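The values are calculated or read from the model by the stated rules, or taken from the named source; none is laboratory data. No experiment lies behind these values; they were computed from the predicted model shown. Note: ideal-geometry Cβ built from the backbone for every residue, glycine included; neighbour counts use all protein chains shown. Side chains are part of the model used for accessible areas, which takes the heavy atoms of the whole protein and leaves out ligands, DNA and RNA. Shrake-Rupley method; radii C 1.70, N 1.55, O 1.52, S 1.80 Å.
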Amino acid sequence: MNIQNPPPVHANGAGRRKKPRRTPKGRQVDTLALEQVSDLLGDRPRRRDLLIEHLHLIQDKFGHLSAAHLTALAQEMRLAQTEVYEVATFYAHFDVVKEGQVKPPPVTVRVCDSLSCAMAGSEHLLADLPAKLGDGVRVVRAPCMGACDHAPVCAVGHVQVNRATAENVAAKTRLNPHAHAAKPPLDFEHYVAAMGYRVLGEALAGQRTRDDLVKIVSDAGLRGLGGAGFPTGRKWSLVRAEKGPRVMAVNGDEGEPGTFKDRHYLLQDPHRFLEGMLVAAWVVEATDIYIYLRDEYPEIRLMLTEEIAKVEQSGLSRHTRIHLRRGAGAYICGEESSMIESIEGKRGLPRHRPPYVAQNGIFGLPTLVQNVETLFWIRDVVEKGPSWFTDQGRRERKGFRSFSVSGRVKNPGVKIAPAGVTVRELIEEFSGGMQDGHTFKGYLPGGASGGILPAAMGDIPLDFGTLEQYGCFVGSHAVVILSDSDDMKAVALNLMKFFEDESCGQCTPCRVGTEKAAVLMAQGPWDPKLLTELSALMRDASICGLGQAAPNPLTSVLKYFPDELSKPLGSW
């Protein structure tokens with residue numbers, strides 16, 4: 001090309017030289033927003049795995065996530081804007097406000113519409129609260145908040161209102177809606193005074209061996225109590241067999257409707273859980289522990305922050321590092337690989353397996369994943385011996401189980417009962433019987449995904465492996481009691497809408513299947529053949545347990561409550 005005689009510029013612009021861009025492509029960083037984000041983060045690391053934690057800081061400070069703040073956070077963390085945006089929009093508790101949109105009111109009231117709360121009148125709250133609270137408060141639906149024994153439940157900002165009414169929710173909105181740390185009956189000092197951390201101390205001092213501890217929990221038959229029921233001792237051995245370094249994750253994201261036992265144990269005796277956690281980490285030689293706690297438990301998170309600091313200062317955690325991670329409203333993160341993705345600061349999308357998380361978990365390292373309740377029992381099992389645990393049980397089952405009981409019983413709550421107990425015994429012996437005016441009609445043996453059984457099948461032992469032949473399972477031992485006032489079609493539809501809302505969207509069978517099923521169930525009349533075919537597709541082709549188990553309530557109603565199929569869809 002002749003530099004001295006450049007090509008002519010034609011009328012249509014052909015041949016015109018482009019001027020260099022003064023700014024990079026994409027959304028530009030706002031100086032004020034960048035300064036605000038930088039000040040919020042302070043000296044915190046800008047690591048990729050802390051993205052969700054940093055999003056929480058912004059959300060808590062400003063009440064929403066603006067486009068300017070997301071762009072500034074991407075700049076501060078040296079991430080692509082798409083990475084920050086896709087994570088922020090994945091989780092239900094982040095309010096992303098695009099340019100031109102109106103930011104949400106200062107106070108948001110979330111009304112739980114999951115089954116136990118729906119049975120207790122949450123739909124009436126959703127209808128009455130907007131007029132009661134006025135324009136300055138936003139009222140939205142929300143999934144299970146882990147307080148089914150106090151239904152109906154609302155969350156005003158970060159504070160839950162149990163047995164909610166329009167009046168007590170309105171009163172709470174006039175106060176400062178911020179959570180405060182819970183005060184456990186046994187804090188660090190009282191727990192130590194009651195011989196707490198003795199088992200851990202003996203392990204750290206070399207008075208107990210790792211093999212001895214594995215044998216004790218194996219002989220006791222202690223199992224994972226988050227839903228799958230995998231033997232704890234075997235899991236420890238599998239992780240120990242992997243080449244180090246190894247890490248540990250604690251699943252405190254009990255989002256299954258009807259489940260609240262982990263919350264109960266964390267509030268009552270957090271250090272018994274922490275000691276079990278530190279013992280398990282010592283056994284598998286985990287360099288780091290990540291506690292993943294659901295965002296609906298803010299008072300527990302604040303309390304754990306204080307109590308963990310005391311443990312660290314005492315030197316009892318010198319063999320590992322503890323990280324407390326905050327969920328952001330995603331039921332799917334109760335699935336272990338989704339939880340690990342979230343711990344890494346990503347969307348909670350389930351991983352394909354193999355490899356399993358025991359081989360390739362957090363940051364690609366072998367990872368021990370344990371449920372809160374499983375860790376809670378380790379101290380007692382070690383101190384009292386395996387027989388203390390195995391001597392419990394009914395109908396040839398061994399041990400005891402913590403049942404989250406809610407619904408139409410007089411005394412809902414966490415019930416510690418022998419393994420192998422029946423639902424009829426749970427109602428009569430542990431829950432004060434049915435509510436006045438209600439007759440036992442059916443029950444969910446394992447939360448939203450565990451299916452529905454009729455009262456006529458109320459004498460089956462509730463334990464791992466006893467319900468699968470009926471198309472159900474005990475899962476996390478969340479038992480919801482239904483009565484003759486409950487429409488089974490409405491129950492199944494409520495649960496299907498939950499799965500539709502909580503599907504991560506990664507696979508088509510679950511994403512589209514739950515939506516299609518909910519529409520067919522709501523419109524009616526129910527077509528058993530079509531609904532059965534759709535259920536089989538979801539069960540066979542979904543990536544993870546959410547899509548595979550979502551049809552269980554639907555198919556249970558088709559199988560065990562056929563007389564209700566021709567009736568109009570009811571409500572509460």
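Figures for the structure shown
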read-out: Matching entry among 347, 325 (being under 22 Å from residue 363 (Cβ atoms), touching a residue at least 40 places away in the same chain (Cβ under 8 Å) and open to solvent by 50 Å² or more (accessible area, probe 1.4 Å)); value: 347
read-out: Helices (runs of 4 or more DSSP H) within the stretch 167-278 that include 2 or more residues touching a strand residue (DSSP E or B) at 6+ places or on another chain (Cβ under 7 Å) and at negative phi; value: 232-240, 261-268
read-out: Selection within the stretch 395-451 - under 20 Å from residue 257 (Cα atoms), open to solvent by 40 Å² or more (accessible area, probe 1.4 Å) and either free of Cβ contacts under 8 Å to residues at least 12 places away in the same chain or in a loop (DSSP other than H, G, I, E, B) (or both); value: 410, 411, 412
read-out: Residue ID - surrounded by the fewest Cβ atoms within 10 Å (Cβ to Cβ), chosen from residues in the stretch 99-129 that are free of Cβ contacts under 8 Å to residues at least 24 places away in the same chain and within 25 Å of residue 260 (Cβ to Cβ); value: 124
read-out: Residues satisfying the stated conditions in the stretch 509-558, i.e. within 27 Å of residue 346 (Cβ to Cβ) and open to solvent by less than 20 Å² (accessible area, probe 1.4 Å); value: 510, 513, 514, 538, 542, 544, 546, 547, 549, 550
read-out: Any hit, the stretch 313-333, residues being assigned to a helix (DSSP H, G or I) and either within 30 Å of residue 189 (Cα to Cα) or modelled with pLDDT under 95 (or both); value: yes
read-out: Subset of the stretch 83-94 [open to solvent by 20 Å² or more (accessible area, probe 1.4 Å) and over 12 Å from residue 67 (Cβ atoms)]; value: 83, 86, 90, 92, 93
read-out: Considering residues of the stretch 130-158 that are within 18 Å of the chain's Cα centre (by Cα), in a strand (DSSP E or B) and touching a residue at least 40 places away in the same chain (Cβ under 8 Å) only, the residue surrounded by the most Cβ atoms within 10 Å (Cβ to Cβ); value: 154
read-out: Total residues in the stretch 518-550, condition closer than 22 Å to residue 338 by Cβ, free of Cβ contacts under 8 Å to residues at least 40 places away in the same chain and not hydrophobic (A, V, I, L, M, F, W, C); value: 4
read-out: Residue 30 vs. criteria at pLDDT 95 or above, of a type in the set (Asp, Glu) and either exposed (fewer than 15 other Cβ atoms within 10 Å of the Cβ) or over 23 Å from the mean Cα position of the chain (by Cα) (or both); value: no
read-out: Which listed residue is open to solvent by 30 Å² or more (accessible area, probe 1.4 Å) and outside any helix (DSSP H, G or I), from 469, 506; value: 506
read-out: The stretch 559-572, residues that are modelled with pLDDT of 95 or more and either open to solvent by less than 40 Å² (accessible area, probe 1.4 Å) or in contact with a Gly (Cβ under 9 Å, 6 or more places away or on another chain) (or both); value: 559, 560, 561
